[in-house]
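> Dropping the structure in here first, questions after.
Read-outs throughout are calculated quantities, based only on the coordinates presented, and are distinct from any laboratory measurement. All figures in this text were calculated on a predicted structure; none of them were measured in a lab. Don't worry about glycine lacking a Cβ; one is built from the backbone with ideal geometry, like all the others, and counts go over all protein chains shown.
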Amino acid sequence: MVLTNQDWEDLLYFIEKKKCTPFIGDEALSPWIPIHEWISEWTDGLKKEYGYPVDDSVGLPGVAQLLAIADGSELTPKNNLSRKLERITIPNFSLEKYRNTPYAILADLNLPIYITTNYDHFLEQALKSRGKQPISEFCAWNEELKKN
């Protein structure tokens, strides 16, 4: 979709009026979390160890499902991803070198609500670096997720 000049004007108007809710996806993470490399690593492992005919295009949900099936535990993909995320250092978004990153720019918008599909705490940290006190909620749509 190509945005017109009017689309951009409307977007800026809604941001100014605080009538905009950004949805943040995993591309915002790419400078710090190499999720596509991890998916490739996991799919290669599944191919070698289990002979699964899988490629990187299945994405994180597909790889997670295959890892859970291969290991016989729903916790395997969660634990695997958690261990990888624990090794990532969240940037200090108050530093000048991170000033023009998606998270810092979003935090500067001072919007009342942000929604992310990500599995990190980068947005919360960026908001805190701007003196805000974000409240994070997790959408638990099934009983298993509510337990974890």
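> Between TYR50, TYR114, TYR103, find the one with the highest GNM mean-square fluctuation for the chain; connect C-alpha pairs within less than 10 Å.
Answer for the Gaussian network model of the chain: TYR50.
> Please enumerate, by chain and number, the aspartates and glutamates with C-alpha under 19 Å from the C-alpha of LYS17, excluding those fewer than 8 residues away in the same chain.
Answer for LYS17, where 19 Å is the Cα cut-off: ASP7, GLU9, ASP108, listed by chain and number.
> Just to be sure I understand: with springs between alpha-carbon atoms less than 10 Å apart, which residue in THR43, THR76, THR89 has the highest mean-square fluctuation in the Gaussian network model of the chain?
Most flexible of the set in this elastic network: THR89.
> State, to one decimal in nm, how far the label point of ASP71 lies from the label point of ILE15, with both points 7 Å from Cα in the Cβ direction.
4.0 nm
> Work out how much length GLN133 to ASP108 would gain on full extension: take 0.36 nm times their residue separation and subtract the Cα-Cα distance, in nm to one decimal.
That works out to 7.7 nm of additional length.
> Let me ask another. Pull up all non-local amide H partners of THR116: gap of 5 or more, or a different chain, and H-to-H distance under 5 Å with H placed in the peptide plane.
Counting only residues 5 or more places away or on other chains, the set is ILE24.
> Tell me the relative contact order for the chain as a rounded percent, counting alpha carbon contacts under 8 Å between residues six or more apart.
For the chain, the relative contact order is 27 percent.
> While we're looking at this one, here's another question. Once every DSSP H run of n ≥ 4 in the chain is given -39500 (n - 2.57) and the sum is divided by its residues, what mean residue ellipticity at 222 nm do you get, rounded to the nearest 500 deg cm²/dmol?
After summing the helix terms and dividing by residue count, I get -14500 deg cm²/dmol.
> I'm checking a number: the convex hull volume of the Cα atoms of the stretch 1-141, normalised per residue, in Å³. What is it?
Output value, Cα hull per residue: 148 Å³.
> Between SER40 and LEU95, what FRET efficiency follows from the Cβ-Cβ distance if R0 is 30 Å, with the result rounded to 0.05?
0.50
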